[in-house]
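Have a look at the structure below, then the notes.
The values are calculated or read from the model by the stated rules, or taken from the named source; none is laboratory data. Just so we're clear, the structure is a prediction, and the values are computed from it rather than from any experiment. As a convention, Cβ positions derive from the backbone with ideal geometry for all residues, glycine included, and neighbour counts pool all protein chains shown. When the accessible area is computed, the model is the full protein with side chains, heavy atoms only, and any ligands, DNA or RNA have been set aside. Shrake-Rupley method; radii C 1.70, N 1.55, O 1.52, S 1.80 Å.
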Amino acid sequence: MDGLRVLLIISGGVAAYKSLDLIRRLQERGFTVTCVLTEAAQQFVTPLSVAALCGGRVHTDLFAPEAALSHITLSREADVVVVAPATANTLARMAAGLADDLATAVLLASDKPVLVAPAMNPAMWAASATRENVERLEARGVHRVGPECGDMACGETGAGRMADVSRIVDAVGDLLAASASGGSRPLAGRTVLVTAGPTHEPIDPVRFIANRSSGRQGQAIAVALARLGADVTLVHGPGSPASLPSVRVVPVTTALSMLEACEAALPVDVAVCAAAVADWRIELPAGQKIKKPEDGGAAGLSLSLVPNPDILARLSRPGPGRPDLVVGFAAETRDVIENAVRKRARKGCDWILANDVSDQGNRGQGSPFGHALNTIHFITPSGHEDWPTMSKEEVAGMLANRIVDALETSSTLRRSLP
Ligand code: CTP
């Protein structure tokens, strides 16, 4: 990415202070950064501090005498235009095609990829005016990263926080890589939820029930879909990666917290449930560590288990909020295809990727748990395919391509579902 030029437009929100860090992080990745500050942005960060970071390349005024036609020059000289933070007002002005200040004039004149990182109060993000503006911009090919859920500077909680700076930098890299390779981003504008990893169900403050899932397959799927342009939320059980390129990672612990995080991520176009969710949890986890009898006796311990909600089945429920495509996994130790076909029908999902997790699974190479390879039987309403034994990244790539095909013909897909 050395020598590539980012034009960073900073608009006026509290998150503007993070743009200073963004400038540094982009420079560390080898980008040359030029900045445009809106008038409102200058209430949050000064042109002087921005100029100090980006070697004086900062612009604020459309009508500065020395800056005649600077909006054209700036947009031509950039390889990518990033708007971070993108306030509700800036998104609205972009959607309306206004050009009444330097930032909007540059954006209207731009012939380069544009990436926006929205940041605003959750109610402003949820407002139908903002939703319509964002949809309009995405339909015109504007790329988006975030916003993320969390506590806001205004004291409220919800979706509206600017994407983490590292995610924005990754998204810029992905965008430039895609445009350099001529690669398309067929999932741009699509939202995807992926679950991955195990869940831990507490017995007492120090013990829990767990399973052998590493989460690698789900992580690979999240990355593959993000690379194709999807806006991906990865809800990950214990052992979640700190960050993945262009993926919003939501770490959770128990099945109940995984369900809650999935529901918070809705609505989405596609859901892929790759997590190994514990089927049961302890009915009443002990508040204190359970002690052995002090007389050294060998008393056993009985645990009362209650079923956990089935997240895949919940996401697959018919109704207006159902994702267009719901994909599950089936970990089986025998009669893999028969069990997976029944599981697909029982849970109501569209596809199932079944794998043999027995010691003889993976075409004799052993259980795919913690293994780099995976052998998938791809179950759809119309039958099944046996995929070759592949790396988890290759499985992810294959699934991502199937998802692209299905969404492109989604009306056909919906009609074919039972
Ligand atoms: N799954 C889920 N929530 C659960 C259990 C499973 O979302 N509480 C999802 C998994 O993410 C996977 C699919 O359901 O996509 C199948 O998981 P699997 O463990 O194979 O099946 P189970 O439903 O647990 O059924 P069984 O253990 O009886 O095979």
Does segment 191-408 classify as rounded, prolate or oblate by the C-alpha gyration tensor (a ≥ b ≥ c root eigenvalues; a/c under 1.5 gives rounded; else a/b over b/c gives prolate, otherwise oblate)? prolate
Hey, rough spin-label estimate for Phe63 and Arg346, points 7 angstrom out along Cα→Cβ, what's it come to in nanometres? 7.1
Please work out the FRET efficiency for the pair Asp405 and Glu77, using the Cβ-Cβ distance as r and a Förster radius of 35 Å; give the result to the nearest 0.05. 0.35
Estimated dipole of the chain in Debye, rounded to 20 [Cβ of Lys and Arg +1, of Asp and Glu -1, Cα centre]: 440
For the chain, with the dipole built from +1 on Lys and Arg beta-carbon atoms and -1 on Asp and Glu ones, taken about the Cα centre, which of Ala177, Thr409, Ser358 lies farthest toward the positive end? Ser358
Which of the listed residues, Val116, Val192, Ser19, is farthest toward the dipole's positive end in the chain, when Lys, Arg count +1 and Asp, Glu count -1 at the beta-carbon? Val192
Shape call, the chain: gyration tensor on alpha carbons, a/c limit 1.5: prolate
Using helices alone, what [θ] at 222 nm do you get for the chain, with -39,500 (n - 2.57) per DSSP H run of 4 or more residues, divided over all residues and rounded to the nearest 500? -10000 deg cm²/dmol
Ordering 94-102, 227-235 by per-residue average of other C-beta atoms within 10 angstrom, highest first, gives 227-235, 94-102
How many angstrom separate the Cα center of segment 211-286 from the Cα center of segment 130-209? 13
Peptides 43-49, 108-114, 213-219: what's the order by average Cβ count within 10 Å, highest mean first? 213-219, 108-114, 43-49
Counting only protein heavy atoms and using a 1.4 Å probe, what share of the accessible area of the chain belongs to carbon plus sulfur, as a whole percent? 52
Result for segment 1-96: accessible area per residue, probe 1.4 angstrom, in square angstrom, of 45
GluC sites (Glu not before Pro) restricted to DSSP loop in segment 20-98 with at most 15 other C-beta within 10 Å: Glu39
Eligible lysines near Lys343 by straight Cα distance, threshold 23 Å, same-chain separation 8 or greater: Lys392
Highest average packing first - 276-286, 297-307, Cβ atoms within 10 Å: 276-286, 297-307
What is the magnitude of the charge dipole of segment 5-180 about its Cα centre, with +1 placed on the Cβ of each Lys and Arg, -1 on the Cβ of each Asp and Glu, and no other charges, expressed in debye to the nearest 20? 220
Rounded to the nearest whole Å², what accessible area per residue is found for segment 191-408 with the 1.4 Å probe? 47
Taking a ≥ b ≥ c as the square roots of the eigenvalues of the Cα gyration tensor, with a/c under 1.5 meaning rounded and otherwise prolate when a/b exceeds b/c and oblate if not, segment 247-307 is prolate
